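The values are calculated or read from the model by the stated rules, or taken from the named source; none is laboratory data. Every value quoted in this text rests on a predicted model; they were computed, and no experiment measured them. Glycine gets a Cβ as well: all are built from the backbone with ideal geometry, and neighbour counts include every protein chain shown. Note: areas computed on protein heavy atoms with side chains; ligands, DNA, RNA excluded. Shrake-Rupley method; radii C 1.70, N 1.55, O 1.52, S 1.80 Å.
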Amino acid sequence: QGCWAKSAAVDDYVLVSGATLGVGAYVVWHCTIQTLKGGNLVIRKRYSEFDQLRLDLVRSFPHAEAMIPKLPRKSVVSRFRPEFLESRGAGLSHFLNCVLLNPEFAASPVLKGFIFA
């Protein structure tokens with residue numbers, strides 16, 4: 001089956017503190033995926049997992065690389081600022097919707113592994 005999702009939203013995030021004074025801190029993104037059957041899936045992913053998904057999709061679908069949106073930029077300076085995180089969340093939502101609503105990507109083991117792993 002191709003498309004199985006109706007929409008996706010990165011609707012929240014949590015800052016996870018590092019062991020010492022912010023070193024090792026990271027962000028976990030809370031994503032809600034609405035299925036065509038009406039249920040919701042909730043997943044939590046780090047940016048690096050989105051990055052790996054994009055790399056895996058490009059590797060699996062080299063002919064369709066132009067259809068796989070780029071991820072929002074990284075920033076060492078602004079990475080924990082609320083404005084930056086809101087913008088990044090919107091970019092991740094766009095990326096997730098583009099790949100989930102594409103029947104070719106949605107049916108792939110790569111995307112299913114990201115969602116259900």
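Using a probe of 1.4 angstrom and keeping all protein chains present, the accessible surface of segment 5-116 works out to 57 square angstrom per residue. For Y13, the amide hydrogen comes within under 5 Å of the amide hydrogens of H30, counting only partners 5 or more places away or on other chains and with H modelled in the peptide plane. Using a probe radius of 1.4 angstrom, the carbon and sulfur fraction of the accessible surface of the chain is 57%. Mean projected area of the Cα convex hull of the chain, taken over all directions, amounts to 7.5 nm². A simple rule links phi to the HN-Hα coupling: the Karplus curve 6.51 cos²θ - 1.76 cosθ + 1.60 with θ = phi - 60°, which for segment 39-56 gives x, 10, 10, 10, 10, 10, 9, 8, 4, 4, 6, 5, 4, 5, 4, 4, 4, 5 Hz, with x for Gly and Pro. Between 0 and 90 degrees, the angle of helix 82-100 with respect to the longest Cα principal axis of the chain falls at about 20 degrees. For trypsin sites (Lys or Arg not before Pro), the sites in segment 44-117 that DSSP calls loop and that have at most 11 other Cβ atoms within 10 Å are K70, R73, K74.
In this structure, the pairs whose alpha-carbon distance is over 18 Å, taken from K6/K74; K45/K74; K37/K70; K45/K112, are K6/K74; K37/K70.
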